[in-house]
C-alpha cells in the first residue's frame, strides 16, 4: 500500500515541478520588463511628444566623438478649420514653403523646439564616445513638452534644413490621438529620400558666391537621343519637386525652390540636359537666358548652375585687366544730387533715400552692385583709386538704368573702368609687355528660341588698315569651333580689332557670310559673349561644300551681331556642400505618423521544449500510478 501511494505522489510531483520551472522565470522576466518601462503620466491634460530622428554622422575622422546634429523644428497648433482638411495634402504643401510663409498662413509664429540630442542609455546627451556609436541604431530626439489636445504641424526650420542634404518631412500629428500611452506620443520623423539611380537634382547659385542659392529660376528638361532633343514631361509634386510623367510629351517648366534646388524623380535610363528659360530676379541678362547644361545620367550627381549677375561697375588694371578692389566711387543722379545707400542683411549695397553711405567701394572681383536702384539717369565719379593706382576724379561715367538693366554709352551691360599703375621711384621699369586678351562667342539659330549649335568652324583674322589678315598659330591658321552648347572663345590676342570668318556651318544650317567683328581690349574677355546666328537650310536643299580657308579680303558691310554670354553651367560627379532639395514624395516617403512601441516577446523555443518534456513526464506518472494499482485489483 505504501509503495502505491509513493508512486502516486511521485507521478504528480514530477510534472508539477516541471510546470513551475517553466513559468517562474517567465513571471520574473515579466516583472523586470514592467519595471523597466518608463511611465509618463499626463498631467493636467498636457502631453509630451518625442520626435525620433536619424543621426547623420558628419565626423571628419572615426576617432572623433559623435556630436548631436542639433536639428530644430517649429510646431504649430492648427486652427480648427484645418482639423477636417486632408492632413497629408496640407503637410506636403506647407513642407515646400519657407517658414515665413507658413507662419503667415497659420497666423502664428509657432514654437521653436530645443535642438536635437543623442539618445544614449535612456538619456539625451550632446555627444557620445566613438565606441558607443552604432551606425544603424544611434538616433536623436527632440522633446516637445506640455502640449494641449489638438492637431499640431511639425516643420523643420529653414536654418536646420540647410545643414544636411536630407530634410525632415513636415508632418501633422494628433494629440492625444489613439496611439498616445500614458501621456506620451513617439513620432518617427521621416526624411526626404531620393532614389539615386533615377533622380537628378539641379542647384542654382550665384557665379561669384556659390553659397548664395537662387530660387524661381525656370528650366526645361530634355532627353538626348543622337542629334535629337526630346522634351521630358514632369508632374509637380511640390514646389521644386517633380516626377517624370511618361503619359505626356509636352515641354514642362521646372522651377528652383527651397535653397535654389529642384529635383526630378523616376527618370528612365539615358542622357539628359537642362536648358534655362527664365533666370531669377536680378539675373535677367543674356548671359543666363538659354544656357544649356552638360549632359548627365540619372544618379550621376548634382548639376550646379551658376548665374552671372551684371554689376554696375567693374574696376580693372588698364594693362593686365586684373580686377582691382578698394576703388571708391560716388554715385550721382543726372542732376548732380548724390545717391544714398545702406548695407542690407546680406552685406550688400542697397538704395535708400535715408541711407548713411554715399561712397561705395569695389570688392569681390573689382565690382560694385547696388540693389533696388530706381530707374533713371546716373553717373559715377571716382573719389579714390586702389593703392598704387592713379585716380581720375573729374571724369563722369554715365549710364541709364531701367527695369533692373543698365545701359552705357558703348551699349555694354556695365561700366568697365581701368586704372593706370603709378610708377615707383627708383624702380627699374620692366620691359613693356604687349597687353593681350580674349572674347567669348555663342553660336545659335536665328529663331526666337536661340537654339545652341555646335560644330561651327571659324577662322580668326586681324583687321589692319581695313584689311583682314589671318592669324597664325604654330604655323597654321588660327581656327575655333563651337562646342555642343554653341560656346567658344578666342584668347591670347593683342589689343586691336579682329573678325571671325565662318568656314563651316553646323549641319543643316547656312554659314554666316559677313565677318563677325570684335575688339580685344582691357576686360574684353569678361564682357558678354557675342551671339552669332545661322539660318536653317530649307528642306530639300543639298548641303553646300565646305569652304576653304578665307584669304584676307576687304571689309564687308552689314555685319549682324548679337551679344550674349559665357558658359556658367557645371556638372559635378561629387556632391557639393549645399542643401539639395525639399520634399520628395514616393510610395516609400509619404507624410504620415508612425508610432512604434517596444516589441513584446511572446514566446521562446525553450518554453515549448520544456512543455513537451512536462507532458511526457505527466504521462509517465499516470502510467506508474496505474501499474501500481493493477496487483491490488487482481
Point to revise | Within the range 484-520, considering residues that are surrounded by fewer than 14 Cβ atoms within 10 Å (Cβ to Cβ) and outside any strand (DSSP E or B), the one nearest to the chain's Cα centre (by Cα) | key: 507
Review point. Would you pick out the residues in the range 88-107 that are surrounded by 15 or more Cβ atoms within 10 Å (Cβ to Cβ), under 24 Å from the mean Cα position of the chain (by Cα) and in a helix (DSSP H, G or I)?
Key: 90, 91, 92, 93, 94, 95, 99, 102, 103
Exercise for review: From 213, 229, 155, grab the single residue that is modelled with pLDDT of 90 or more and either buried (at least 16 other Cβ atoms within 10 Å of the Cβ) or within 24 Å of residue 299 (Cβ to Cβ) (or both).
Suggested key: 155
Check your understanding: Given 313, 262, which one is in contact with a strand residue (DSSP E or B) (Cβ under 9 Å, 6 or more places away or on another chain), closer than 30 Å to residue 524 by Cα, crowded, with 21+ Cβ neighbours inside 10 Å and at pLDDT 90 or above?
Key -> 313
Study note, to complete from the structure: Sole miss for residue 246 among (1) over 29 Å from residue 156 (Cβ atoms); (2) modelled with pLDDT of 90 or more is condition (2)
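Kindly check whether there is at least one residue in the range 461-482 that is closer than 30 Å to residue 224 by Cα and either loosely packed, with under 12 Cβ neighbours inside 10 Å or in the same structural domain as residue 274 (by TED's automatic domain parsing) (or both). Quick ask: steps written out before the conclusion?
Residues of the range 461-482 closer than 30 Å to residue 224 by Cα: 479-482.
Add one more test, that the residue is either loosely packed, with under 12 Cβ neighbours inside 10 Å or in the same structural domain as residue 274 (by TED's automatic domain parsing) (or both), and what stays is none.
No, the range 461-482 contains no residue that is closer than 30 Å to residue 224 by Cα and either loosely packed, with under 12 Cβ neighbours inside 10 Å or in the same structural domain as residue 274 (by TED's automatic domain parsing) (or both).
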Check your understanding: Quick check: anything in the range 163-185 modelled with pLDDT of 90 or more, over 22 Å from residue 58 (Cβ atoms), in a loop (DSSP other than H, G, I, E, B) and in the same structural domain as residue 59 (by TED's automatic domain parsing)?
Key -> yes
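The values are calculated or read from the model by the stated rules, or taken from the named source; none is laboratory data. Here the structure is a predicted model, which is why all the values come from computation and not from measurement. Here the Cβ is made from the backbone with ideal geometry for all residues, glycine too, and neighbour counts use every protein chain on show.
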